[in-house]
Structures are given as structure tokens and as C-alpha cells.
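A short worksheet on the structure shown next.
The values are calculated or read from the model by the stated rules, or taken from the named source; none is laboratory data. Quantities reported herein were computed from a predicted structural model and do not represent experimental measurements. Cβ placement follows ideal geometry from the backbone for every residue including glycine, while neighbour counts extend to all protein chains displayed. In case anyone asks, the SASA skips ligands and DNA or RNA and just uses the protein heavy atoms, side chains included. Shrake-Rupley method; radii C 1.70, N 1.55, O 1.52, S 1.80 Å.
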Amino acid sequence: PLSRYPPLINDISFWLPSETYSENDFYDLVRTIGGDLIEKVVLLDKFAHPKTKKVSHCYRIIYRHPERTLTQDEVHRIHQAIEESAVRELGVEGRF
């Protein structure tokens, strides 16, 4: 069912650790932490640094509650947990 409440949108970007990174692992991590509040996760941009050859991904995470309006404070706590878990579990280097 569609929610009539407004979405909150936050972006996250980070440097990838190596060949071991999988986009699906990041999607799973976001859904595990955010649960039903995650409406959509979209890869916005891929960037390869010309000198260091490091690769960066930027994702847009859309949060929406089916029964009420979310506050930015609520979403910030979830988003911060996603950032910390991505660094810890996926080995990425945050650009946040």
C-alpha cells in the first residue's frame, strides 16, 4: 500500500574497500537496519578518482512511514546507524 505521508530523503556516499564489495550487501544492510521505514534505495552515482583509482558510490535512501509523518531526528538516528554499520561490516570509508 502507498503512504500518504511525505518521504524523507538522505544520501550516503563512501569509498569502496576493494573487489569484495557488493551492492546487494549494502541494500541488505540498509533494509536490516531501517526495516519498513525504507521505501527505496537507489545508486545515484559511481565515481573513480583519476589519481588514486579509488571508487566511490553515492546512494539515495528514501524513508517513509506508512501511518505517520517521520521526523528528521528519527531518520537521522537510523541513517547514522546505517553509516556506522557500513563502515564496520562492509569495510567502506565514509564520505559523510
Per residue accessible area of the chain, 1.4 Å probe, in Å²: 64
What is the extension gain from residue 27 to residue 67, computed as 0.36 nm multiplied by their sequence separation minus the C-alpha to C-alpha distance, in nm to one decimal? 12.1 nm
What distance in nm separates the simple spin-label points at residue 42 and residue 5, each placed 7 Å from Cα in the Cβ direction? 2.2
Helix 23-34: angle to the longest alpha-carbon principal axis of the chain, degrees 0 to 90, nearest 10? 30
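Using DSSP to call loops (not H, G, I, E or B), can you name the GluC sites (Glu not before Pro) in the chain whose Cβ has at most 16 other Cβ atoms within 10 angstrom?
When the GluC sites (Glu not before Pro) of the chain are filtered for loop state and at most 16 Cβ neighbours within 10 Å, 19, 67 remain.
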Taking the full set of protein chains and a 1.4 angstrom probe, give the accessible area of residue 78 in square angstrom, rounded to the nearest 10. 30
Expressed to one decimal in nm², the mean projection of the alpha carbon convex hull of segment 8-95 is 5.5
Any chance you could give the angle, 0 to 90 degrees and rounded to 10, that helix 72-85 forms with the longest Cα principal axis of the chain? 30
Which percent of the accessible heavy-atom area of the chain goes to carbon and sulfur, probe 1.4 angstrom? 50
Total formal charge among the other residues, if their Cβ is under 12 angstrom from that of residue 65, Lys/Arg +1 and Asp/Glu -1: -1
